[in-house]
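Data first, discussion second: the structure below is written as structure tokens.
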Amino acid sequence: MTLGLAMWSGPRNISTAMMRSWGNRADTFVCDEPLYAHYLKATGIEHPGRDEVIAYHESDWRKVVAWLTGPIPEGKAIFYQKHMSHHLLLNIERSWLDTLTHCFLIRDPREMLTSLLEHLPNPTLNDTGLPQQLELVHHVQERNGRTPPIVDARDVLTAPRRMLELLCDAVGVAFDEAMLSWPAGRRATDGIWAKHWYEAVERSTSFQPYRAKRETVPAEFTSLLEQCMECYSKLYAWRLRG
């Protein structure tokens, strides 16, 4: 059996740690935000290392999709694809999604937004990836008649073994003990942007215990927080529960 597994997250989540977890399986090949270069080129948005990302990574979404839906690299059985849901722009055709198995990683916006604001001074709802996650979940529900696996970051950090067991079961693969820890350092499969964003993950060797954030979302972003919570609450209600 082979499995193309697309994990859709928003920014400032534990998505890279989750990629480390899956990448530590002997049967799994991972890729890091394969639509990022296209997203940067198409939107013109300024991110750290933007020009280098576009030059180094494939920016033609059609070629990216052909790779994501083709043979799994290195002859592995599982192709774990770490995606940011806001990278799935409206110009990208959607039929290829039906060839993959989808799962979702969510995080409480009250914690996600305080982190995002450190990098984006004036984020929009679309920058959070939450409406795109909701769109994708609805897409899978309509196609498959069931809700795809959704895991909440806090749940994973609180009980990593149990949540990974539930996630593996939901996508039809055996849980692997190797998913609970990994060697520190950078990976060849990390995006060229790792030097800007992955310092903490590169030091990590496992999921870090959950710690509540003390910061609160500034008052001027109350409306955005409310919009985020509306999307998040719907996704949270469908999450896998330990």
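The values are calculated or read from the model by the stated rules, or taken from the named source; none is laboratory data. Keep in mind that what you see is a predicted model, and the values were worked out from it rather than measured. Backbone-built Cβ (ideal geometry, glycine too); neighbour counts: all protein chains shown.
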In the set Ala77, Ala42, Ala66, Ala6, the lone residue that is among the aliphatic types (A, V, I, L, M), closer than 19 Å to Leu164 by Cα and more than 19 Å from the chain's Cα centre (by Cα) is Ala77
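Yes or no, residue by residue, for (1) assigned to a helix (DSSP H, G or I); (2) surrounded by fewer than 21 Cβ atoms within 10 Å (Cβ to Cβ):
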| position | (1), (2) |
| --- | --- |
| Asp51 | yes, yes |
| Ile54 | yes, yes |
| Ser59 | no, yes |
| Tyr80 | no, no |
| Asn122 | no, yes |
Any chance the stretch 134-143 includes a residue that's within 13 Å of Leu235 (Cα to Cα), in contact (Cβ under 8 Å) with a residue 12 or more places away in the chain, surrounded by 17 or more Cβ atoms within 10 Å (Cβ to Cβ) and in contact with a Cys (Cβ under 6 Å, 6 or more places away or on another chain)? yes
Residue ID - surrounded by the most Cβ atoms within 10 Å (Cβ to Cβ), chosen from residues in the stretch 204-213 that are among the hydroxyl-bearing types (Ser, Thr, Tyr) and either free of Cβ contacts under 8 Å to residues at least 60 places away in the same chain or closer than 27 Å to His138 by Cα (or both): Tyr210
Examine the stretch 168-185 for a residue that is within 18 Å of the chain's Cα centre (by Cα) and of a type in the set (D, E, K, R), and state whether such a residue exists. no
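Here's the yes/no breakdown for (1) at pLDDT 95 or above; (2) surrounded by fewer than 18 Cβ atoms within 10 Å (Cβ to Cβ); (3) within 19 Å of Met7 (Cα to Cα); (4) not aromatic (Phe, Trp, Tyr):
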{"residue": "Thr147", "(1), (2), (3), (4)": "yes, yes, yes, yes"}
{"residue": "Asp155", "(1), (2), (3), (4)": "yes, no, yes, yes"}
{"residue": "Ala184", "(1), (2), (3), (4)": "yes, yes, no, yes"}
{"residue": "Ala188", "(1), (2), (3), (4)": "yes, yes, no, yes"}
{"residue": "Glu215", "(1), (2), (3), (4)": "no, yes, no, yes"}
{"residue": "Gln227", "(1), (2), (3), (4)": "yes, yes, no, yes"}
{"residue": "Lys234", "(1), (2), (3), (4)": "yes, yes, yes, yes"}
{"residue": "Leu240", "(1), (2), (3), (4)": "yes, no, yes, yes"}
Among (1) more than 30 Å from Glu52 (Cβ to Cβ); (2) more than 15 Å from the chain's Cα centre (by Cα); (3) not basic (Lys, Arg), which single condition is Pro148 missing? (2)
